[in-house]
Ligand SMILES: Cc1ncc(C[n+]2csc(CCOP(=O)(O)OP(=O)(O)O)c2C)c(N)n1
Ligand SMILES: [Mg+2]
């Protein structure tokens, strides 16, 4: 990587180190979730591994005090940046009452936390997209200056919800950032069988908005693209489609066997581009990170992950009497 690229983006050494810390925390939480799942302690994992750079790069480009985010299930890096904690994510993994996302009722990955303006999503993929558009419309009507940021997979960009949401946002020039996290697979379906166009971002022109494809393993490239999109939205110029290209390093979920549709060689090849390694190397080349600091950072993160795990494992489940809370009838 070119030296000091972050400075050109107005990012300080401290800021990029903070970005790296959140990427690393996301990875370590995810790795712990897999261990807990395989040892029979938590029922389900859907991973962020391979997408942390895109998630953290994007979330750092937003206004964390003001903007609304409508993430999809892999976005551990996005929600951590917006203020959700490791403990809260673990409470969700263990499905405990104190889980802020759903009080232990939903699968992990259905992020929602009102105080951090993380808008809860539903299980049918891409339903968060029209919600993001609706919130942006409300903001525009009320004269607010926030943008909404929503993410989805490239497979999900084939759903009607994406096209309807993008069209409406384009027509009404709404401040929405549509970010497609292209990880090359939709469960077992490879990218070549998902799209006839080359890039997901090629679709933007049909909805009258700019579309860009960036390296999803490069948090600075993603930061730049999302910052430009946010500035554009705040200036009243409308939505942007950002596509980040990386690779899903784990199976689709803890219930998937990826070796039935891809090879270990392909995964090993993708791991050579893992941003945890390449961005770490960039920070070292620029004198921002060294071996001692890296060890210290890893130790701190493991302490956080261990404490979160212990807390969540020992926390109570929701009381049976609370079963019908938040359930509404017509
Ligand atoms: C409407 C709908 N169809 C199918 C599913 C089942 N499903 C869950 S995730 C997924 C794959 C999505 O792939 P992609 O959008 O590329 O996201 P990724 O998991 O690769 O990040 C599918 C088919 C669903 N949840 N909702
Ligand atoms: Mg995908």
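Computed from the coordinates by the stated procedures, all read-outs in this text should not be read as laboratory data. Since this is a predicted model, take the numbers as computed values, not measurements. When we count neighbours, we look across all protein chains shown, and the Cβ atoms used for this are built from the backbone with ideal geometry, even at glycine.
What's the long-distance tail for the stretch 7-79, i.e. % of Cα pairs beyond 16 Å? Write out the running numbers ahead of the final one.
Numbers: 1416 of 2628 pairs.
Cα-Cα pairs of the stretch 7-79 separated by over 16 Å account for 54 percent.
For the chain, a Gaussian network of Cα nodes joined below 10 Å ranks 198, 52, 18 by mean-square fluctuation, and the top entry is 198. Footprinting exposure proxy ranking of 45, 327, fewest other C-beta atoms within 10 angstrom first, gives 327, 45.
Report Rg/Rh for the stretch 190-248, rounded to two decimals, where Rg is the Cα radius of gyration and Rh the Kirkwood radius. Could you put the intermediate results ahead of the total?
Values: Rg = 12.4 Å, Rh = 12.3 Å.
With Rh from the inverse mean 1/r over Cα pairs, Rg/Rh is 1.01.
Across all Cα pairs in the stretch 75-169, the calculated P(r) in 10 Å bins from zero up to the longest distance comes to 16, 43, 32, 9, 0 percent per bin.
Dimensions of the stretch 111-158 along the principal axes, based on C-alpha atoms and rounded to the nearest Å, stand at 34, 23, 12, largest first. Given a 10 angstrom Cα cut-off, can you work out which residue in 189, 76, 46 is the most mobile in a GNM of the chain? In this elastic network of the chain, the residue with the biggest mean-square fluctuation among 189, 76, 46 is 189. The equivalent ellipsoid of the stretch 114-253 has semi-axes of 24, 16, 15 Å, largest first, where each one is the square root of 5 times an eigenvalue of the Cα gyration tensor. The share of Cα pairs per 10 Å bin across the stretch 138-216, counted from zero up to the longest distance, runs 17, 50, 25, 7, 1 percent. Mind telling me which of 239, 71, 316 comes out most flexible in a GNM of the chain, alpha-carbon contacts under 10 Å? Most flexible of the set in this elastic network: 316. The Rg/Rh ratio of the stretch 176-305, with Rg taken over Cα atoms and Rh as the Kirkwood radius over Cα pairs, comes to 1.04. Working from the pairwise distances between different alpha carbons, so that the mean of 1/r is found and then inverted, what is the stretch 1-139's Kirkwood radius in Å? This gives a value of 15.8 Å.
For the chain, evaluate the Debye formula with one uniform point scatterer on each Cα (no solvent term) and list log10 I(q)/I(0) at q = 0.13, 0.16 Å⁻¹, rounded to two decimals. Here log10 of I(q) over I(0) equals -0.98, -1.47.
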